[in-house]
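Shown next, in structure tokens, is the structure this report addresses.
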Amino acid sequence: MSMESNNMEGQQTKYVQIEEDLKELIFSDKIQPGDKLPSENALVEKYQVSRQTVRKALNELIHEGYIYAEHGRGTFCSEMIRRLRNSKNIGVIMTYMSDYIFPHVLKGIDSVLSDEDYSIIIKTTKNSRTGEAKCLEELLQKDIDGLIIEPSKSHIYCRHINLYRKLEEFKIPYVFIQGCYSQMRNKYPHVLMDDEEGGYLITKYLIDLGHRNIVGVFKSDDSQGQNRHRGFVRALNEAGVPYDADKVVWFYTEDRKIHPHISIKNMVENGCEIDGVVCYNDQIALEVVRALAESGLRVPEDVSVTGYDDFKLANAFAIQLTTIRHPQEELGEIAAEMLLDIMKGGQGERNVVIKPELVVGNSCMARGRYRK
């Protein structure tokens, strides 16, 4: 072998050695994310190699995402390194901390993650797009290994997709739960209820009891509300019951405590025929029951009312809502298990849709010839 080829082989070995030595400094925490690396001159002197060899080693590290260069300033350790270390932290973003579903979903998440010695960092958005973006920005600054996200106003087009791309850039896997943005649903892991089927089942139940003047109350800014409405429409069409847009109440997150209540009272006062109400969830159903009572109507004798989610406290009163069971803990467990599988490089299911189950209470009564 010629002296020239020996020299080239030596230079090749040297650049690999420089690259591996710098990686060792990074992973041993001697160089932290944001820290400046030794200058090219310092590395040339330390390893007694050419500047070209040093630059080759640095370029390899840049390509692999370990470092980045700033013109005129030098090279710095990348924030991505935080993600390559096992922090044992998982971020969970939910719409509301006090929501009646959230504590049970979180319990399911925690039951899986605690067995793997993970800690949970909780953020809430109050179902605000701005709030969600802020939560994502904050978590991107923390050491997390993965993320479970309940999207805010999931029916509306996501305008902070760049933050989700940043999660991918930092190699932080994430799973959507209870909703997913339309432009992301076919590509990103998610765990959802089959809300269209749930809306269909609960509406069909009323129709089968003889109801024909059915009002629907749905949330317009999340995918759950839109899908439950689709099921409502499908059941009406299947039964040949005309769809009446004037008998559908749409509300937003911000007016959920007022608009459904007032709308139902206005319908009654204006002489609208109502024999049943399909509600977005159990909380809304209780508001509807209250509005009907204030209008002099009894549930279920005059009007049947259904909910969604099987909220146990909703059944602590004389009326036990007919509703759709929401497997809250199971939903959290599945999302956590899916995330762990992704983090471990597994090939498990990435899109889970849970089938709904009808829970019959005493809030509905057969009408007309359907009475027993």
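Compute the FRET efficiency between Ser182 and Lys355 as 1/(1 + (r/R0)^6), taking r as their Cβ-Cβ distance and R0 = 30 Å, and round to the nearest 0.05. Intermediate values should be presented prior to the final figure.
Values: r = 22 Å, r/R0 = 0.72.
So the FRET efficiency works out to roughly 0.90.
Of the options Asn59, Tyr243, Ile121, report the single residue whose Cα projects farthest towards the positive end of the charge dipole of the chain (beta-carbon charges: Lys, Arg +1; Asp, Glu -1). Value: Tyr243.
Contour minus end-to-end for Glu168 and Arg51, with contour as 0.36 nm per residue of separation and end-to-end as the Cα-Cα distance? Numbers along the way, then the final one.
Values: separation 117, 0.36 × 117 = 42.12 nm, distance 3.32 nm.
Residue separation times 0.36 nm, minus the Cα-Cα distance, leaves 38.8 nm.
Note on Val241 and Asp194: the extension gain reaches 14.6 nm, defined as 0.36 nm multiplied by sequence separation minus the Cα-Cα distance.
Express the relative contact order of the chain as a whole percentage, based on alpha carbon pairs under 8 Å and six or more residues apart in sequence.
15 percent
Simple rule: put +1 on each Lys or Arg Cβ and -1 on each Asp or Glu Cβ in region 215-372, find the dipole, and look at Ile342, Cys364, Thr323; the Cα lying farthest toward the positive end is Cys364. Take the Cα of Asn86, step 7 Å toward its Cβ, do the same at Ile161, and the gap between the two points is 3.5 nm.
Taking every alpha-carbon pair under 8 Å whose residues sit at least 6 apart, region 112-182 reaches a relative contact order of 33 percent. The amide H of Gly146, built 1.01 Å from its N in the peptide plane, has Gly91 as neighbours under 5 Å, considering only residues 5 or more places off or on other chains.
Just round it to a whole percent: the fraction of Cα-Cα distances in region 237-372 exceeding 27 Å.
33 percent
Over the chain, the fraction of Cα-Cα pairs per 20 Å bin, rounded to whole percents and listed from the shortest bin up, is 25, 41, 21, 11, 3, 0. Using just its DSSP H runs of length 4 or more, each adding -39500 (n - 2.57), the chain gives a mean residue ellipticity at 222 nm of -13000 deg cm²/dmol after division by all residues. Evaluate the Debye formula for region 177-292 with equal point scatterers sitting on the alpha carbons, no solvent, and hand back log10 of I(q)/I(0) at q = 0.11, 0.24 Å⁻¹, in q order, two decimals. Listed by q, the Debye log ratios stand at -0.36, -1.41.
Bear in mind these aren't lab numbers, they're just calculated from the coordinates by the rules spelled out. Source: prediction; values computed, not measured. Heads up, the Cβs are rebuilt from the backbone with ideal geometry, glycines too, and the neighbour counts pull from every protein chain shown.
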